[in-house]
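**Q** Structure below; questions to follow.
The values are calculated or read from the model by the stated rules, or taken from the named source; none is laboratory data. On a predicted model such as this, the values are computed, not experimentally measured, just so you know. Methodologically, a virtual Cβ is constructed for each residue, glycine included, from the backbone with ideal geometry; neighbour enumeration extends over all protein chains shown. Areas reflect the complete protein model, heavy atoms only, side chains present, ligands, DNA and RNA absent. Shrake-Rupley method; radii C 1.70, N 1.55, O 1.52, S 1.80 Å.
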Amino acid sequence: MGLQIGIVGLPNVGKSTLFNALTKANAAVASYPFTTIERNVGVAEVPDQRLSDIAAMVDPERVVPTTIELVDLAGLVKGASHGEGLGNQFLGYIRNVDAVAMVVRCFRDPQIPHVTAEPNPRDDIQVVDLELVLADLATVERRLEKVRSAAKRRPKDYAAELDFLEELHHHLEAGEKAGDLTVKDKEAGMLRELNLLTAKPRLYVANVGEEDLPRGGELAAAVAEMAAVEGAEVVSICAQLEMELADWPPEEAAAYRAEAGSGEPGLQKLVEAGYRLLNLMTFFTTTGGREVRAWTLLRGTLAPQAAGKVHSDMERGFIRAEVISYQDLMASGSFAAAKGRGLLRLEGKEYVMEDGDVTHFRFSI
């Protein structure tokens, strides 16, 4: 599995519409709150022109893109952590995702009611943030109870964790996000084990009206201002437009997007933002004429660990990697021509994988 993103937000902000547009699923969408009454999970293929180009050159039996998994939850409302609404019941489903995408309503439509008089991105973000903080606070309190009990029997073994949890509890009680707490190396490990929602990398999706494309209008600008304070990225998407174009022929959809000024497809925007957020990249493997496949990888990963993404035996018995960059391969016209020009390299265990590497791993077990 590639990138995993949990979608959160208030009711009626367009979460399920966005989910349907990106995954071509059929999650219920309606103009009233809590249309989503349980989680929706969908997998979308990550669009990558490089994969198509390599496949056109190799003409394999199978072309396998990397994927993005999206988890859409019921909308969060004020008081969700105390049982209001439905969203808080499902927050546990996104504790293991790589990142959180907060969808913020940045369009006005009297036919689609908002939880308040009208959309106010700043207030809306603060409501969701508070509920996520309170959900994390409950998680920390449960862990604190266990650690305090264990510390009575073995105080030295649990002293450091107890101190950290009490500091974190105080931080969350003050309404601050877990990710804003300054931690030491050992504490960072403790924080990761808790899988707190407000410690996860975050990006914002400003769901704008088609008439506000491409910049998003004043409501999206308010989201951008808040995101800038925390160093987060904002992706402006018209979810309704994306859902309508999802079943169009690609050429016609691209032409309409260009006319509307929306630029890249919404999935492309979200994936690119997610990859930047998590410092991810893509490499490719070819298996003779049988398969060309894309893989998601953390930047800075060494070749043996990249081989392990393909199969654990490849990492265990790694010998070396045959590597060529996508750009060099396309410029050469074929693998044979690239090899003749000396562009196909043999790399060892210390090689750091690069975005766009086309790789064949040699291994022996």
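**Q** Figure the gain on full extension for Arg192 and Arg362 (residue separation times 0.36 nm, minus the Cα-Cα span) and round it to one decimal in nm. Intermediate values should be presented prior to the final figure.
**A** Values: separation 170, 0.36 × 170 = 61.20 nm, distance 3.42 nm.
So the extension gain works out to 57.8 nm.
**Q** Tally Lys and Arg at +1 and Asp and Glu at -1 over the other residues with C-beta under 12 Å from the C-beta of Thr282: what net charge comes out?
**A** With Lys, Arg at +1 and Asp, Glu at -1, the neighbours total -1.
**Q** With r as the distance between the Cβ atoms of Glu167 and Arg345 and R0 = 56 Å, compute the FRET efficiency 1/(1 + (r/R0)^6) and round to 0.05.
**A** 0.70
**Q** Treat each spin label as a single point 7 Å out from the Cα along the C-beta direction, and report the Val43 to Leu298 distance in nm.
**A** Roughly 2.2 nm, to one decimal.
**Q** Can you tally the net charge around Leu346? Count Lys and Arg as +1, Asp and Glu as -1, for every other residue whose Cβ sits under 14 Å from the Cβ of Leu346.
**A** Here the count lands on +1.
**Q** Quick check: from the Cα gyration tensor, does the stretch 134-212 come out rounded (a/c under 1.5), prolate or oblate?
**A** Taking the square roots of the gyration eigenvalues as a ≥ b ≥ c, the stretch 134-212 is prolate.
**Q** Give me the accessible area of Asp59, 1.4 Å probe, in Å² rounded to the nearest 10.
**A** 120
**Q** Hey, another quick one. Normalising by the residue count of the stretch 221-326, find the relative contact order in percent from Cα pairs under 8 Å and 6+ residues apart.
**A** Once divided by the residue count of the stretch 221-326, the mean separation gives 14 percent.
**Q** How many percent of the accessible area of the stretch 115-244 is carbon or sulfur, using a 1.4 Å probe?
**A** Whole-percent figure for carbon plus sulfur exposure: 47.
**Q** Which of the helices in the chain, when you take each full DSSP H run, stretch at least 30 Å along the axis at their Cα atoms and have an average Kyte-Doolittle score of -1.0 or higher?
**A** 121-153
**Q** Here is a further query. Suppose a student asked you for the relative contact order of the chain, using Cα pairs under 8 Å spaced at least 6 residues apart; what percent would you report?
**A** Across the chain, relative contact order equals 18 percent.
**Q** Extension gain Glu259-Arg316, at 0.36 nm per residue separation less the Cα-Cα distance, in nm?
**A** 15.4 nm
**Q** Something else about it: Taking Rh as the Kirkwood radius, which is the inverse of the mean 1/r over Cα pairs, what is the Rg/Rh value for the stretch 93-189?
**A** My calculation puts Rg/Rh at 1.13.
**Q** Counting only residues 5 or more places away or on other chains, whose amide H sits under 5 Å from the amide H of Phe363 once H atoms are built in the peptide plane?
**A** Placed amide hydrogens put Ile319 under 5 Å from Phe363.
**Q** Separate question: How much length is gained on full extension from Leu130 to Glu272, taking 0.36 nm per residue of separation minus their Cα-Cα distance?
**A** Contour length minus the Cα-Cα distance gives 48.4 nm.
**Q** Can I ask one more? Kirkwood Rh and Cα-based Rg: tell me the resulting Rg over Rh for the chain, rounded to two decimals.
**A** Dividing the radius of gyration by the Kirkwood radius yields 1.02.
**Q** I've got another one for you. Count charges around Ala160 for me, please; just the other residues with Cβ under 13 Å from its Cβ, Lys/Arg as +1, Asp/Glu as -1.
**A** Values: positive: Arg154, Lys156, Lys184, Lys186; negative: Asp157, Glu161, Asp163, Glu166, Glu167, Asp185, Glu187.
Local charge sum for Ala160: -3.
**Q** In addition: Show me the ranking of peptides 224-234, 270-280 by mean Cβ neighbours inside 10 Å, starting with the highest.
**A** Order by mean packing, descending: 270-280, 224-234.
**Q** For the chain, set up a Gaussian network in which alpha carbons nearer than 10 Å are linked by springs, and say which option among Gly92, Gly342, Gly266 fluctuates the most.
**A** Among Gly92, Gly342, Gly266, the largest mean-square fluctuation in the Gaussian network model of the chain belongs to Gly342.
**Q** Name the shape class, rounded, prolate or oblate, that the alpha-carbon gyration tensor gives for the stretch 114-255, where a ≥ b ≥ c are the square roots of its eigenvalues, rounded holds for a/c under 1.5, and otherwise prolate holds if a/b is larger than b/c and oblate otherwise.
**A** Prolate shape, in that a/c is at least 1.5 and a/b is the bigger ratio.
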